[in-house]
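Report on one structure; see the data block that follows.
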Amino acid sequence: MDGPSLPLNARHVLTKDLIINRINMFANGIAILALFYYRAATLLRITETRETPLAYRWRPVKLEVYPERLTGDEKLPPVDVFVCTADPSKEPSLGVMNTVVSAMALDYPPDRLAVYLHDDGDSYVTLHAIREAWKFARLWVPFRRKYELKIACPEAYFSSKESAHEKFIGSSEFAAEKEIIKKRYAEFQEALEKNSVNASASVSRDHAPSIESSCVGTFLDPDSLLPLCALLFAPLLADFLSSLSVILTGKKAMDGPSPPLNARRVLTKSLIVNRLYMFINGIAILALFYYRATTLVRIIKTRESPLVPYLIVIFSEIVLTFFWVLYQAFRWRPVKLEAYPERLPEDEKLKPVDVFICTADPSKEPSLGVMNTVISAMALDYPPDKLAVYLQDDGGSYVTLNAIREAWKFARFWVPFRRKYELKIACPAAYLSSKESVHEKFIGSREFSAEKKIIEKKYAEFQEALEKNSVNASASVSRDHAPVIEVIKDENGDSSLKDMPLLVYVAREKRPGHPHHFKGGALNALLRVSAVITNAPYFLVLDCDMYCYNPSSARIAMCFYLDPKISSKIAWVQFPQKFHNLSEHDIYGGSLNAIYKSNIGLDGLRGPNIYGCNFVMTREAIYATGKIEKEVDLNQLKKKFGSSNEFIKSLYKSYKPQLPEDRKLSGELQKELQLLASCTYDNGTDWGEEVGYRYFSVVEDAITSLSLHCNGWISVYIDPASPCFLGATTTNLNDMLVQQTRWVFGLMQIALSKFNPLIYAPLKLSILETMCYAAGSLEALYVLPVYGLAIIPPICLLYGIPLYPKVSDPYFIVLAFIFLSSRLKHVQETISFGDPLINTVYELRVWMMKSVACYFYAVLNGILDRLGLREANFSLTSKVVDDEQETRFKQGIYDFQVSPMLLIPLCSLYILNLAAFVIGIARLFQKNDELLAQTVLSFFVVIVNYHLLEGMFLRKDKGRIAPSVTLLSIAVSAIILGCGSLLLFY
């Protein structure tokens with residue numbers, strides 16, 4: 001049989017050269033793109049800042065002026081001269097006063113010339129010096145004008161060869177007057193030297209504004225030949241100089257804007273790092289998917305390895321990439337905001353603020369902590385007649401009612417004490433347990449020391465009263481009670497209430513069978529009740545354990561609400577939640593910094609979400625009213641807002657609350673309040689849907705944020721150097737996992753509804769804002785790739801099946817680059833945020849635990865809730881401190897006294913990866929480099945979650961993982977291995 005003839009030619013692919021060439025193209029291409037990105041960024045910066053003078057060389061021009069051609073003096077416009085100084089020890093008075101005198105001696109009509117000296121050091125040395133300068137100027141200015149001297153400065157004139165105008169040369173009168181001037185100048189110089197002794201001690205950095213016009217009688221004389229000379233001491237130079245020049249001289253050269261109440265600063269370095277990371281990592285991810293696609297095609301054709309495991313890994317990587325893309329929206333434009341409350345107008349121009357605090361169960365939220373929050377809110381640095389504090393007690397507990405009455409008694413002492421001595425801490429418990437925070441001017445004051453001892457005694461009595469009152473607190477909680485509204489005041493009613501904020505106790509009606517809508521329903525009840533009592537246009541929401549630390553929070557919020565550029569757009573100002581009970585080991589992620597890092601990016605978009613508490617909001621935004629016209633039909637308003645006529649009236653800006661000065665509720669007002677706090681008031685209205693906090697999800701803050709942003713409102717995130725609020729974070733693993741499960745379940749409710757941001761928001765928000773909301777609401781879906789990558793690669797590793805490129809494959813470098821770049825980006829963000837490096841491990845560990853335990857149950861419960869097979873519930877996080885758990889928390893030791901339902905998934909996957917890692921190491925010694933990536937992945941899981949290994953096998957203390965849980969986890973991991981092995985046949 002004749003076989004085919006031999007080929008006449010052959011084509012050999014030079015594999016080594018091909019790999020080298022393509023690696024060179026890829027790496028060099030990335031470098032070239034990075035270079036052009038740098039060039040574009042530099043060009044943009046140069047365009048904005050004009051750092052280079054090249055543009056100014058294009059058309060060189062020289063100007064000339066001809067002052068001799070000016071018309072008569074009466075047609076010249078007025079001119080003000082501004083001179084600045086700060087410290088006479090560094091800027092000697094003689095030189096400064098020569099500048100002032102020379103400005104007064106300008107060749108300009110004296111009635112159209114004024115000189116202003118601004119002294120930023122408020123120094124008496126400078127004040128005395130300018131007075132002496134005025135005396136000398138009375139001689140120098142007429143002398144210079146009379147003899148037409150060409151040098152205006154006396155110091156420069158006397159040290160030069162300059163003489164009088166030619167026509168006065170040889171004049172005996174000129175010579176005689178010059179001698180008199182020289183003598184007076186020497187006296188002037190000597191007076192300044194005597195005055196300047198100890199000049200540095202005269203400088204002040206804490207002073208009120210001071211304004212003095214030299215020789216008032218003289219400058220008001222219309223025949224005076226001297227220009228106005230004014231000395232100014234003011235903290236705001238430009239505005240004081242411009243405004244005072246208008247007041248004193250009537251010369252208005254330019255209307256300057258008032259100083260900004262806030263500032264927005266783009267974090268340029270972070271922006272460049274973030275976008276470069278997105279660009280390079282994005283290219284690497286595309287390269288990885290190219291590898292996956294080509295490998296998948298080859299596997300389908302050749303069946304060289306099981307297909308299903310490979311598909312699961314690809315699916316997991318696609319989901320992770322989807323989330324990576326979403327999270328880049330947070331990094332797109334990082335911005336930091338600053339506020340300047342010292343620039344706010346006087347108190348009478350500030351708007352009223354209501355403070356809302358919610359509590360539910362004094363057995364889980366101890367009265368002492370709740371009342372410290374109430375008292376700290378009353379002690380805010382805000383006009384007391386414009387401040388009201390409302391405590392909503394969802395448990396209707398007599399323990400809480402009695403506690404707030406005791407809190408009022410103590411607040412009568414604490415609030416005036418904090419205001420009088422300008423304490424920097426508003427909370428009495430925090431103040432009395434901390435170092436001194438009194439204003440400097442009161443340090444060493446006997447009166448202060450005496451009053452502080454009285455406060456300490458009163459606080460001890462207050463604390464003792466609450467302890468006695470809290471006996472059997474759990475039995476005092478009711479889920480079936482009528483509404484109770486009480487304005488708290490002195491029992492005898494004789495004391496003046498002028499200097500005390502209003503304090504109101506509210507317990508909305510609760511009845512079995514009537515939905516109460518958790519915290520959202522409680523806040524809506526407070527909105528309605530407060531509307532007819534105080535009706536402040538702004539309200540601050542606090543959790544019961546989140547006390548006011550820095551008393552300036554309300555004023556900081558007003559820096560945005562009183563900014564005419566943005567005030568009409570802002571719905572809320574969000575402050576971060578910070579905690580007083582954090583340890584140096586943030587093992588449970590209790591600082592929430594992983595969340596607040598993203599707010600820097602959200603401020604560059606439409607603003608942050610509502611984070612449960614610590615925010616100031618406008619009623620106009622939460623009511624969704626805008627400006628209500630009088631022509632609106634009353635029935636329409638009642639359908640939207642409910643049947644209360646008094647509440648409907650409160651919607652109008654002209655409304656005046658009905659509470660009298662003695663703060664006694666009338667029978668008619670009490671009846672109206674009972675209606676507004678009833679459990680049926682919401683029925684048939686828009687409350688919870690379009691008005692107030694939305695009821696759709698147990699995380700009312702997330703759905704309300706989305707709704708308000710989609711309605712066109714914006715928000716801001718401000719993080720002052722001194723924390724405005726401090727609370728108590730979770731100090732054990734069980735509370736953390738339960739809390740996170742509840743939060744993520746609420747987000748899943750949103751994701752599985754019509755409010756899913758990818759469906760609801762695209763036409764109402766920008767793409768980046770939609771991505772941010774989608775990243776939050778879909779977060780629970782991380783469970784899919786985490787379970788996929790925690791199960792499939794280890795099982796394949798046990799059976800020696802490779803899923804990743806071998807070390808010699810160029811795509812191994814791509815895979816390693818993606819992994820390392822993501823870890824290094826996390827490190828960079830942690831350090832730039834000011835956290836210790838170890839927090840990168842803690843945050844990653846918390847994310848893994850949440851993904852395996854919390855997200856799994858959140859997705860399951862979300863689906864069941866959507867199918868109507870599960871009813872949403874809300875469980876309080878206990879604020880009661882367990883001493884043993886607290887000790888372990890401070891030592892950085894995990895407390896595994898957790899429900900087995902949460903622990904078993906964690907331990908099972910850990911055991912599976914531990915076994916795979918041990919087998920993988922053995923295979924690597926056999927030079928099987930195809931399995932290196934899978935071995936490293938299992939090692940990464942094992943080393944990051946080393947605390948689980950300790951809890952199961954190494955620890956013997958009470959906080960370890962129970963042996964029964966460990967044994968059950970081993971059994972579950974064996975089941976997972978067995979079931980997973982079946983996939984290897986496909």
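Here, each number is a calculation from the coordinates, and none is a lab measurement. Just so you know, these numbers come straight off a predicted model, no measurement behind them. A quick note on method: Cβ atoms are made from the backbone with ideal geometry, for glycine too, and the neighbour counts reach across all protein chains shown.
Here the scattering of region 266-343 is modelled by Debye summation over its C-alpha atoms, one equal scatterer each and no solvent; at q = 0.24, 0.27 Å⁻¹ the log10 of I(q)/I(0) is -1.09, -1.21. The overall shape of region 788-865 is oblate: from the C-alpha gyration tensor, with semi-axes ordered a ≥ b ≥ c, the ratio a/c is 1.5 or greater and a/b is no larger than b/c.
Just to confirm the filter: which trypsin sites (Lys or Arg not before Pro) across region 654-705 are DSSP coil and have at most 16 other Cβ within 10 angstrom of their Cβ?
Qualifying residues, ordered by number: LYS664.
The Cα atoms of region 850-986 define a convex hull whose projected area, averaged across directions, is 11.8 nm². Since only ILE838, VAL941, GLY892 are under comparison, the one whose Cα sits farthest along the positive direction of the charge dipole of region 833-962, derived from C-beta charges on Lys, Arg, Asp and Glu, is VAL941.
What is the Cα centroid distance between region 438-509 and region 537-590, reported in whole angstrom? Comparing the Cα centres of region 438-509 and region 537-590, I get a distance of 23 Å.
Across region 687-692, rounded Karplus estimates of 3J(HN,Hα) from the backbone phi angles (6.51 cos²θ - 1.76 cosθ + 1.60, θ = phi - 60°) give 4, x, 10, 10, 10, x Hz, Gly and Pro being marked x. Over the chain, Cα pairs under 8 Å with separation of 6+ residues give a relative contact order of 12 percent.
For region 49-148, the set of GluC sites (Glu not before Pro) satisfying both a DSSP loop assignment and a count of at most 16 other C-beta atoms within 10 Å is given as GLU51, GLU64, GLU148.
The largest-to-smallest principal axis extents of the Cα set in region 335-464 are 42, 40, 32 Å. Amide H contacts of VAL389 (H built 1.01 Å from N, in plane; Pro and chain starts excluded): VAL355, LEU502, LEU503, VAL504 sit under 5 Å, all sequence-distant by 5 or more or on other chains. Across region 573-634 the C-alpha pair distances fall into 5 Å bins from zero in the proportions 3, 14, 17, 18, 13, 10, 9, 5, 4, 3, 2, 1, 0 percent. The residue list SER654, PHE856, LEU344 was ranked by how far each Cα lies along the charge dipole of the chain toward its positive end, using unit charges on Cβ atoms, and PHE856 comes out on top. Of all beta bridges that DSSP places with both ends in the chain, some 40 percent have antiparallel geometry. In the chain, the calculated helix contribution to ellipticity at 222 nm averages -15500 deg cm²/dmol per residue, counting -39,500 (n - 2.57) for every DSSP H run with n ≥ 4. Give the residue from VAL471, PRO723, PHE323 lying farthest towards the positive end of the charge dipole for the chain; charges sit on Cβ (+1 for Lys and Arg, -1 for Asp and Glu) and the dipole is referred to the Cα centre. So the residue we want is PHE323. Within the shell of other residues whose beta carbon sits under 12 angstrom from the beta carbon of ALA751, the net charge comes to 0, with Lys and Arg scored +1 and Asp and Glu -1. Taking the square roots of 5 times each eigenvalue of the Cα gyration tensor of region 594-662, largest first, gives ellipsoid semi-axes of 34, 17, 11 Å. The tail of the calculated P(r) for region 891-955 beyond 15 Å holds 55 percent of all Cα-Cα pairs.
Distant-in-sequence amide contacts of TRP572, defined by a placed amide H-H separation under 5 Å and a gap of 5 or more residues or a different chain, comprise VAL716.
Measuring from centroid to centroid over Cα atoms, what is the spacing of region 689-716 and region 730-788 in Å? That distance is 15 Å. When the GluC sites (Glu not before Pro) in region 658-762 are filtered for DSSP coil states and for at most 16 other beta-carbon atoms within 10 Å of their beta-carbon, the remaining sites are GLU661, GLU689, GLU690. With semi-axes defined as the square roots of five times the eigenvalues of the C-alpha gyration tensor, the equivalent ellipsoid of the chain measures 63, 45, 27 Å, largest first.
Considering only alpha-carbon pairs that sit under 8 angstrom and 6 or more positions apart, the relative contact order computed for region 103-195 is 32 percent.
The Cα atoms of region 517-619 give a gyration tensor whose axes a ≥ b ≥ c have a/c of 1.5 or more with a/b no greater than b/c, which makes the shape oblate. Length, then width, then depth: along the principal axes, the Cα atoms of region 109-164 run 38, 28, 17 Å. Coupling constants for region 826-834 follow from the phi torsions by the Karplus curve (6.51 cos²θ - 1.76 cosθ + 1.60, θ = phi - 60°), and in residue order they are 4, 4, 4, 5, 5, 5, 5, 7, x Hz; glycine and proline get x. According to the square roots a ≥ b ≥ c of the eigenvalues of the Cα gyration tensor, what is the shape class of region 89-208, taking rounded for a/c under 1.5, prolate for a/b larger than b/c otherwise, and oblate for the remainder? In terms of gyration-tensor shape, prolate. Dipole size of region 351-407 about its Cα centre, with +1 on Lys/Arg Cβ and -1 on Asp/Glu Cβ: approximately 100 debye, rounded to the nearest 20.
Using a cut-off of 25 Å between Cα atoms, the listed pairs LYS386/LYS653; LYS349/LYS498; LYS269/LYS764; LYS649/LYS764 include LYS269/LYS764; LYS649/LYS764 as exceeding that distance.
Percent of Cα-Cα pairs more than 13 Å apart in region 734-787, please. The share of Cα pairs beyond 13 Å in region 734-787 comes to 61 percent. Here the chain is assigned +1 on the Cβ of each Lys and Arg and -1 on the Cβ of each Asp and Glu. Its dipole about the Cα centre then comes out at about 2480 debye. The lysines whose alpha-carbon is closer than 30 Å to the alpha-carbon of LYS958, local same-chain residues fewer than 8 away aside, are LYS364, LYS578, LYS850, LYS879, LYS890. Cross-link partners for LYS656 among the aspartates and glutamates, with Cα-Cα distance under 13 Å and sequence neighbours closer than 8 places in the same chain left out: GLU646.
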